[in-house]
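Asks: Take a look at this one; I'll ask things after.
Every number in this text was worked out from the coordinates using simple rules, so none of it is lab data. It should be emphasised that the depicted structure is a prediction, and the values quoted were computed from it without experimental measurement. Every residue, glycine as well, gets a Cβ built from its backbone with ideal geometry; the counts of neighbours run over all protein chains shown.
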């Protein structure tokens, strides 16, 4: 068996040993092809999220500026609507890094995203906090294949 270590910004042997000891290792099959890029568009509550162009359009069709992290967070939510996602899972989807209990950066990011997508007063929030778990995306999400076609997710 051959082991290849693809590291981020550091080749620190101690960090690699710690990751192995903590089980923070991802095994990839050599025969497995890389997944095709997601070329879909998602629709929810009148909003449209285009994965290919990384654009978010509000219900009236105006583009909403998102940071890279906000886009990745929203994409993680729309890919798993109605499912509670832990802070650790969300941070893993964003940065691929381990989460510590005291890391509250995901809460700040969720708050920033909420300000951008929960713009209608009186409407239930699209992202709901689940105490002791994390967050859940509450809107129904559909995949948009063409300009006027969609399929429910």
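Asks: Give the calculated FRET efficiency between residue 104 and residue 145 to the nearest 0.05, with a Förster radius of 25 Å applied to their Cβ-Cβ distance.
Replies: 0.05
Asks: Give me the number: length gained by fully extending residue 52 to residue 115, i.e. 0.36 nm times residue separation minus the C-alpha to C-alpha distance, one decimal in nm.
Replies: 20.3 nm
Asks: For residue 60 paired with residue 80, estimate the spin-label separation in nm (one decimal), with each label point 7 Å from Cα along the Cα-to-Cβ line.
Replies: 3.5
Asks: Arrange the following residues from fewest to most other Cβ atoms within 10 Å of their Cβ: 70, 120.
Replies: Ascending number of Cβ neighbours within 10 Å: 120, 70.
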